[in-house]
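These notes concern the structure reproduced below.
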Amino acid sequence: RLVREHPVVVFMKGSPAQPLCGFSNAVVQILRLHGVEDYRAHDVLQDPDLRQGIKNYSNWPTIPQVYLNGEFVGGCDILLQMHQNGDLVEELKKLGIRSALLDAEKDQDKK
């Protein structure tokens with residue numbers, strides 16, 4: 001239910017305003033670079049059952065975990081790779097989210 005409550009859902013340590021591990025912070029920063037401010041974040045440190053439950057659900061042993069449109073994408077390393085190769089822009093577009101990086105590129109082209 002939680003992974004489908006919003007187009008972008010992140011299970012992390014801490015909150016977007018105060019990530020409590022470097023990997024969670026990296027996910028928040030990547031989303032921020034793309035201008036994704038409207039997403040659901042769940043702090044797994046507040047709920048041990050949620051922390052273990054999401055690992056079991058995804059069959060992925062680490063936190064953070066990112067879900068787009070209810071589908072498990074991966075953790076920090078996968079999101080970083082998607083950011084670097086441009087796949088994240090395309091995945092966000094499928095959700096109706098225009099990446100802020102596209103606007104930044106246009107601004108650079110004008111200069």
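The values are calculated or read from the model by the stated rules, or taken from the named source; none is laboratory data. Please read all numbers here as calculations on a predicted model, not as lab measurements. Using ideal geometry, Cβ is built from the backbone for each residue, glycine included, and neighbour counts are taken over all protein chains shown. Keep in mind that these areas ignore ligands, DNA and RNA; they rest on the heavy atoms of the full protein, side chains included. Shrake-Rupley method; radii C 1.70, N 1.55, O 1.52, S 1.80 Å.
Tell me the residue from D77, D103, D109 that is among the acidic types (D, E), modelled with pLDDT of 95 or more and assigned to a helix (DSSP H, G or I), please.
Working: D103 fails: modelled with pLDDT of 95 or more; D109 fails: modelled with pLDDT of 95 or more.
From the options D77, D103, D109, the qualifying one is D77.
Looking at the stretch 9-22, can you tell me whether even one residue there is modelled with pLDDT under 95 and under 18 Å from E90 (Cα atoms)?
Taking the stretch 9-22 first, the residues modelled with pLDDT under 95 are none.
Scanning the stretch 9-22, I find no residue that is modelled with pLDDT under 95 and under 18 Å from E90 (Cα atoms), so the answer is no.
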- Message: Being open to solvent by less than 90 Å² (accessible area, probe 1.4 Å) and free of Cβ contacts under 8 Å to residues at least 12 places away in the same chain is the filter here; which residues of the stretch 54-84 pass it?
- Response: K55, M82
- Task: Go through (1) touching a helix residue (DSSP H, G or I) at 6+ places or on another chain (Cβ under 9 Å); (2) part of a loop (DSSP other than H, G, I, E, B) and name the single condition D38 misses.
- Result: (1)
- Query: Across the stretch 1-20, what is the number of residues that are touching a Pro at 6+ places or on another chain (Cβ under 8 Å) and open to solvent by 30 Å² or more (accessible area, probe 1.4 Å)?
  - Reply: 1
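Could you check the stretch 51-71 and list, in sequence order, the residues that are outside any loop (DSSP other than H, G, I, E, B) and more than 23 Å from L101 (Cβ to Cβ)?
Of the residues in the stretch 51-71, the ones outside any loop (DSSP other than H, G, I, E, B) are 51-58, 65-68, 71.
Once the filter is applied, which keeps residues that are outside any loop (DSSP other than H, G, I, E, B) and more than 23 Å from L101 (Cβ to Cβ), the stretch 51-71 yields R51, Q52, G53, I54, K55, N56, Y57, S58.
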- Task: Just give me the residues in the stretch 1-17 being over 23 Å from G96 (Cβ atoms) and among the acidic types (D, E), in sequence order.
- Result: none
- For the stretch 22-49, what are the residues that are open to solvent by 20 Å² or more (accessible area, probe 1.4 Å) and in contact (Cβ under 8 Å) with a residue 40 or more places away in the chain? F23, A26, L33, G35, H42
